[in-house]
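Each reported figure results from applying straightforward, stated rules to the coordinates on display, with no laboratory input. Here the structure is a predicted model, which is why all the values come from computation and not from measurement. Cβ atoms come from the backbone with ideal geometry, glycine included; neighbour counts cover every protein chain shown.
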Amino acid sequence: MQDLRNRFLPRFVQSGRERVRRALEACAGDVRLDVVATELHALAGEAVLLELREIVSLARAAESTARSPSPGAEAACETALRDIRTALNALGAGGPSGRP
């Protein structure tokens, strides 16, 4: 599994950053929480394959918020997306593995 992770982690980080960028764009202006939820769902699924538990947890929680809009959902999603971006950047820099 470690070989698989090492092989695909750079690609995951790159695509994850792109997903976060698209989701943040969807939060700007005419908020599209459906787009945010779709990007987060895909990111969580990809993170599961690489056993990146921190990313999975953050993405699933934010997806749940995006799928159940309530007052403050947009701001909560934006904060979560920034947290995910920080975690992705740490992974890209050889930081935490996302495993307990």
*With springs connecting C-alpha atoms under 10 Å apart, model the chain as a Gaussian network and identify which of ALA47, ALA90, ALA59 has the largest mean-square fluctuation.*
ALA90
*Can you give the calculated 222 nm mean residue ellipticity of the chain, where each DSSP H run of n ≥ 4 adds -39,500 (n - 2.57) and the sum is split over every residue, rounded to the nearest 500 deg cm²/dmol?*
-26500 deg cm²/dmol
_Whole-number percent relative contact order across the chain, with pairs defined as alpha carbons under 8 Å at least 6 apart_ = 31
_Spacing of the two label points (7 Å from each Cα toward its C-beta) at ARG17 and THR86, in nm_ = 1.8
*Loop-located trypsin sites (Lys or Arg not before Pro) in region 31-100, at most 14 other Cβ atoms within 10 Å (DSSP)*: none
*Whole-Hz Karplus ³J(HN,Hα) for region 51-60, in order, using 6.51 cos²θ - 1.76 cosθ + 1.60 and θ = phi - 60°, x for Gly and Pro?*
6, 9, 4, 5, 5, 4, 4, 4, 5, 5
_Approximate spin-label separation VAL48-ARG5, in nm, with each point projected 7 Å along Cα-to-Cβ_ = 1.8
*Give the distance, in whole Å, between the Cα centre of region 49-79 and the Cα centre of region 1-39.*
12
*Specify the residue with the greatest mean-square fluctuation among SER57, SER15, SER70, computed from a Gaussian network of the chain linking alpha-carbon atoms under 10 Å apart.*
SER70
*Picking from VAL56, VAL31, VAL20, which is most flexible by a Gaussian network model of the chain using Cα springs under 10 Å?*
VAL31
